[in-house]
Amino acid sequence: MRRTRRVKKLLWRWRSNPLRRRDDIVEAWIVLAVWTLVLAGGIVAGLVTARAADHVFARQRAERESVRAVLLVDIPKSVSGFGTGSERAPGTVSWTAPDGSTRTGRTLVDTGSKAGSKIVVWLDQQGRLTTEPPSAGAAAVEAGVLGTAAGCALAGLVFGAGAVARWRLEQRRLDLWDREWNTVGPRWGHKTG
């Protein structure tokens with residue numbers, strides 16, 4: 001019995017009621033559309049974004065390759081005092097390209113590394129230095145975070161648009177009530193005499 005009352009209370013705008021206004025029906029459809037778009041649209045946007053991000057990360061793992069390089073300059077230890085020992089700084093490295101030529105470039109290396117240290121660098125398809133691609137696990141986590149952010153962003157936009165539409169309806173109702181009161185109110189005034 002209580003559940004039936006709650007459902008009736010939630011669906012009051014669609015029930016036949018002599019006090020129900022056209023704006024109440026419009027507002028009910030706006031609320032239904034907003035929640036449908038928040039739920040369905042948020043899920044779809046999240047899944048599409050996560051899938052696209054995962055595809056990009058997989059392509060990066062397929063296109064990039066690691067090569068051994070030699071650090072050409074000393075990288076001093078960080079003096080910031082905030083580091084955990086895994087800070088990185090730009091340094092010049094030298095590596096042998098697939099065609100046999102020696103190349104040099106700048107990339108991030110661990111602080112405290114000495115010249116002549118062997119390090120691993122990543123190259124893109126053109127042989128340029130690039131960042132290490134994320135592992136499959138890290139890519140899955142990042143794709144999930146991006147998908148969640150996209151879903152929440154869409155849900156926020158839809159919810160905001162629905163709130164603006166409902167606010168406009170409320171302003172319209174208040175204007176109608178004001179006009180009606182200006183028409184009827186003077187007739188109810190007290191006559192003194």
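The values are calculated or read from the model by the stated rules, or taken from the named source; none is laboratory data. Predicted, not measured: the structure shown is a model, and the values here were computed from it. Backbone-built Cβ (ideal geometry, glycine too); neighbour counts: all protein chains shown. We work out accessible area using only protein heavy atoms, side chains counted, and drop any ligands, DNA or RNA first. Shrake-Rupley method; radii C 1.70, N 1.55, O 1.52, S 1.80 Å.
At 1.4 Å probe size, put Ser66, Ser117 in order of accessible surface, largest to smallest.
Sorted descending by solvent-accessible area, the residues read Ser66, Ser117.
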Where labels lie 7 Å past Cα in the beta-carbon direction, separation of Ala149 and Asp124 in nm: 2.1
Accessible surface ranking that places the most exposed of Trp177, Trp188 first, with a 1.4 angstrom probe: Trp188, Trp177
Distant-in-sequence amide H partners of Glu65 (H built 1.01 Å from N, under 5 Å): Leu123
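Determine the gain in length on full extension of the stretch Trp35-Ser66; use 0.36 nm per residue of separation and subtract their C-alpha separation, reporting nm with one decimal.
Full-extension gain reported as 6.4 nm.
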Separation in nanometres of the label points that stand 7 Å from Cα toward Cβ, at Arg88 and Ser135: 1.5
Rounded to the nearest 10 Å², the accessible area of Ser16 at probe 1.4 Å: 120
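If you take every residue apart from Ser94 with its C-beta less than 12 Å away from the C-beta of Ser94, what net charge results, scoring Lys and Arg +1 and Asp and Glu -1?
Values: positive: Arg68, Arg103, Arg106, Lys118; negative: none.
Local charge sum for Ser94: +4.
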Gained length - Ser101 relative to Lys114, 0.36 nm times residue gap less alpha-carbon distance: 2.3 nm
Cα pair distances exceeding 20 angstrom across the chain, given as percent: 75
Sum of side-chain charges, Val73 neighbourhood, beta-carbon under 15 Å (Lys, Arg +1; Asp, Glu -1): +3
Alpha-carbon gyration tensor eigenvalues x 5, square-rooted, for region 95-193, Å: 73, 14, 12
Cα gyration tensor category, rounded, prolate or oblate, for region 94-146 with a/c compared to 1.5: oblate
Helix-only [θ]222 nm of the chain, DSSP H runs n ≥ 4, -39500 (n - 2.57) each, per residue, nearest 500: -17500 deg cm²/dmol
Mean Kyte hydropathy of -0.5 or more with a Cα span along the axis of at least 27 Å, helices from DSSP in the chain: 42-63, 136-184
